[in-house]
Amino acid sequence: MSATHELTLTKIVATLGPASSSPDVIEQLITEGVRVFRINFSHGEFSEHLASLERVRAASTKLNQHIGVLGDLCGPKIRVGKQDGAGTQLEAGSRVAFIPEFIEADRAGRELGGLTCLKVGFHDFIFEARAGHRILLDDGTLELRAVEQRPLSEGTALICEVIVGGLLKSNKGINFPDTELTVPAITDHDYRCVDFAVAHGFDFLALSFVRTAGDVRELKDYLRKQGARPAQPQKTGKGSQNHSAFGSEWRAFIPVIAKIEKPQALQNLEAIVTEADTIMVARGDLGVEVDAAQVPVLQKRIIATCHDFGKPVIVATQMLQSMIDAPVPTRAEVSDVANAIFDGADAVMLSGETAVGKFPVKAVEMMRRIARRTNAHLRSLPMSTTTPVNTRESRYRTAALAHGVKVVIRDLNAGLVVMWSQLGGGASYLSQVRMTVPILAFSSSPEALRRMSVMFGVTPIQMEPPKDSNDFLIKVDQLLLERGWAREDDAVVMVAGQPFGRPGVTNTLRIHHVGEL
């Protein structure tokens, strides 16, 4: 593996699927730079997810990399039922009706004067949509407008006018940008997926269609009951560790990623960012629910808010979409990935490109090349010494130390930071201050190292606890020279705690020159 690949600052998340399920492809994806694999619980059975997890763990061990695995919960995604044949053609100007799945479509159609009836599993929206509300199908390619509710002999139908027509295929998603729905944040299926993730040691869980901070708390509370978070939330006031998800002593600790893809989430953004451990800018449904022209601005706003609160942020959806079918991306897609990194994304994510695309390895290779070039440009710019607003207000000593490290790095022009971060909390703080130099974070905990896989700039490395700081630096020097990450007499900055290796204590900064011990 190329040493330069290992020290890429911006992390790559790749979605597993039929195109990337084999051990050989998974190994190639890791070699090209994937640091987190996403398993989408919307598709496949638990037996398939377990097989994917085991392949990732085996490949990680073989390649000596600490690769995170993210379980993406489906959430209350509302879909149309099965359509006959190739699908149902909806003509602009015509009317159709949504009906509950328990109603027989032909009979309902007769009661409604011959209207085409579309069955839906979750049907509460039939009562919640109001006249004039937009209803979007198939990622917004078809648009309807609600007209009225009409009673049937066995329930109620929602009559809609087709504004933009087209072919509606089976099981396509439905979006309601104008309607406040009362759907639960976490479905029964989601809870089964959470149980599975806890039982098998997933490293992250992503919650879809988050609307309020309460949605995130609901999942965190359930994880506590399952033993995957502390029984009591850690304090977040002055003097405390803000990033409990990345500084936990619990082996089964699962950080929660809140996906921002609903207009209501934008109204509650700061509260959601405060409550979540990580944020994902889920541009797919977000671009359907709001005007697509707003998405670039919203992306910048979400990322800036995450920076203010010191939370990692992932940018996702259609980043290299054309590479599902083509071996090279469009120039616009290349610019999109680079601009997400310029905006400050900790990680960029591939979905269909690696799950079902024809060129999964090439897609990751391209994303890694874009990230490296963009990171190189960022390194050429003057380094800012600002720190996240919430971090400054916390008065936590590691936060202050992280700020000091950034100043020393700038003044010394040091090329690396090395630190002992047993639980990952210290590494999270160094990552938050957005240094454009690699941070080598050492720990003896594989679980903590995998949780670091999403952090900007952090390369997690496993090591048995050293006797003291000198022993640590001797071992670090050997590693740096063996891997070609530094040369004799290069300046590096060491961050650790005294007494050395004590979890939760990061209080020492030391300037070190490679080979001086």
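Here, each number is a calculation from the coordinates, and none is a lab measurement. All of these numbers come straight from a predicted model, not from anything done at the bench. Here Cβ is always computed from backbone atoms with ideal geometry, including for glycine, and neighbour counts include all displayed protein chains.
Observations, loosely collected:
- Residue in segment 191-202 that is touching a strand residue (DSSP E or B) at 6+ places or on another chain (Cβ under 9 Å) and either part of a strand (DSSP E or B) or within 30 Å of Gln83 (Cβ to Cβ) (or both) present: yes
- Within segment 201-218, the only residue that satisfies the criterion of being surrounded by 19 or more Cβ atoms within 10 Å (Cβ to Cβ) and polar (S, T, N, Q) is Ser208.
- Verdict on Ala146 being over 28 Å from Asp178 (Cα atoms), free of Cβ contacts under 8 Å to residues at least 40 places away in the same chain and crowded, with 16+ Cβ neighbours inside 10 Å: no
- Elements of type strands (runs of 3 or more DSSP E) contained in segment 96-155, each with 1 or more residues being over 21 Å from Asp285 (Cβ atoms) and basic (Lys, Arg): 116-120, 142-152
- Considering residues of segment 256-283 that are in contact (Cβ under 8 Å) with a residue 60 or more places away in the chain, assigned to a helix (DSSP H, G or I) and out of contact with any Asp or Glu (no Cβ under 7 Å at 6 or more places or on another chain) only, the residue surrounded by the most Cβ atoms within 10 Å (Cβ to Cβ): Ile272
- Spans of strands (runs of 3 or more DSSP E) in segment 400-517 with at least 2 residues within 29 Å of Pro382 (Cβ to Cβ) and in contact (Cβ under 8 Å) with a residue 40 or more places away in the chain: 416-420, 458-462, 491-496, 508-513
- Looking only at segment 53-97, and only at residues there that are closer than 30 Å to Phe253 by Cα and free of Cβ contacts under 8 Å to residues at least 24 places away in the same chain, the one that is surrounded by the most Cβ atoms within 10 Å (Cβ to Cβ): Arg57
- Set side by side, the residues Ile30, Ile67, Ile12 differ, and just one is closer than 22 Å to Asp346 by Cα and in contact with a Gly (Cβ under 6 Å, 6 or more places away or on another chain), which is Ile12.
- Answer residue from segment 5-36, given it is part of a helix (DSSP H, G or I) and small (Gly, Ala, Ser) and is nearest to Leu63 (Cα to Cα) among those: Ser20
- Any chance Glu48 is part of a helix (DSSP H, G or I), closer than 30 Å to Lys262 by Cα and of a type in the set (D, E, K, R): yes
- Summed over segment 340-361, the residues that are assigned to a helix (DSSP H, G or I), of a type outside the set (A, V, I, L, M, F, W, C) and within 29 Å of Ser22 (Cβ to Cβ) give a count of 4.
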